[in-house]
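Structure, as structure tokens:
Only the coordinates and a few stated rules stand behind these numbers; no lab work does. Predicted, not measured: the structure shown is a model, and the values here were computed from it. Cβ placement follows ideal geometry from the backbone for every residue including glycine, while neighbour counts extend to all protein chains displayed.
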Amino acid sequence: MDFLFNTNVQFFLAAYLVGGIPFGLLLAKKFAGVDVKSSGSGGIGATNVLRVVKENNPALAKKLGAATLALDALKGILVLLVASALGMSEATLWGIAVLAVIGHCFSPYLGLEGGKGIATGMGVMMFMLPQETLIALVVWGVLAKTTKISSLSSLAGVLALLIASFFIHPEMAHAPVVLIVFILYYKHIPNIIRLINGEEKAVA
């Protein structure tokens, strides 16, 4: 158990455990009395919180959706901020970023189930690759406004970030970015299938 005293390992565990906190599930249960895992798409992210809570309380739905989005993004950033302040290496920071996303997508508190990871992924990317993330957010915003399909705009934004990273930072090791993008796309496989079949619903 000596490895637990290794600073890198401690940060990796913290990233996974903090990343796994299902804020959407907790907020919806506490303030709206609903279980988002058994309603709507069954997701724990902002989109499903908005969708499910909106059925009974549209005003509250917007607040809880925004809070879920912000907290899911911040939990990805939190451990990175502490690690960076303590002078941890870039490799360690990327490890923390990847594990925060894994924690959200495969939460230890939900039997390794979890959300789609977009907000947490964008949070860690905003810290690690701010320029690329801003490009991703522009792409996401344009498509969200025009198509109103959450999964399509999110996946396009993520892909734009990955492509931009090769142009803006050609010298960096892209493996962590590719891994995070792979996880996000993997979690969206059902959405991708519905998109291909023309069955993915727009967010009202």
Rule-of-thumb Rg ratio for the stretch 116-204 [Cα; 2.2 N^0.38 Å; N residues]: 1.07
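Find how much the distance from residue 6 to residue 142 grows on full extension, using 0.36 nm per residue of separation minus their present alpha carbon separation; answer in nm with one decimal. Spell out each step's value before the answer.
Numbers: separation 136, 0.36 × 136 = 48.96 nm, distance 4.38 nm.
Going from the current span to full extension adds 44.6 nm.
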Separation of alpha-carbon centers, the stretch 153-176 and the stretch 48-114, rounded to whole Å: 20 Å
Aspartates and glutamates with Cα under 17 Å of residue 30, excluding same-chain neighbours fewer than 8 positions away: 55, 72
Cα pair distances exceeding 13 angstrom across the stretch 1-67, given as percent: 63 percent
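Which order do 174, 188 fall in if you start with the one that has the fewest other Cβ atoms within 10 Å? If you can, show how the numbers build up before the last one.
On the way: 174 14, 188 20.
Taking fewest neighbouring Cβ atoms as first place, the list is 174, 188.
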Sequence-distant residues sharing a close amide H with residue 200 (under 5 Å, placed H): 195
Order of 35, 72 - criterion: other Cβ atoms within 10 Å of each residue's Cβ, fewest first: 35, 72
Phi to ³J(HN,Hα) by Karplus 6.51 cos²θ - 1.76 cosθ + 1.60 over the stretch 44-54, Hz, x for Gly, Pro: 10, x, 4, 4, 6, 4, 4, 5, 6, 5, 4
Computed Rg/Rh of the stretch 34-126, alpha carbon atoms with Kirkwood Rh: 1.06
Likely footprinting exposure, 165, 84, 154, fewest C-beta neighbours within 10 Å first: 84, 165, 154
Value of [θ]222 nm, deg cm²/dmol, for the chain, DSSP H segments ≥ 4, -39500 (n - 2.57) each, nearest 500: -22000 deg cm²/dmol
Dipole of the chain, positive end: most advanced residue of 103, 50, 195 [Cβ charges, Cα centre]: 50
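With Cβ to Cβ distances under 13 Å as the rule, what net charge do the other residues near residue 39 carry (K, R +1; D, E -1)? List each step's numbers first, then the result.
Values: positive: 29, 37, 51, 54; negative: 35, 55.
Cβ neighbours under 13 Å give a net charge of +2.
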Estimated dipole of the chain in Debye, rounded to 20 [Cβ of Lys and Arg +1, of Asp and Glu -1, Cα centre]: 820 debye
All lysines inside 27 Å of residue 148 as judged from Cα atoms, apart from same-chain residues fewer than 8 positions distant: 29, 37, 54, 62, 63, 75, 116, 187, 201
On Cα atoms only, tilt of 58-85 relative to the major axis of the chain in degrees: 0 degrees
Residues with amide H under 5 Å from that of residue 113, placed H, sequence gap 5 or more: 107
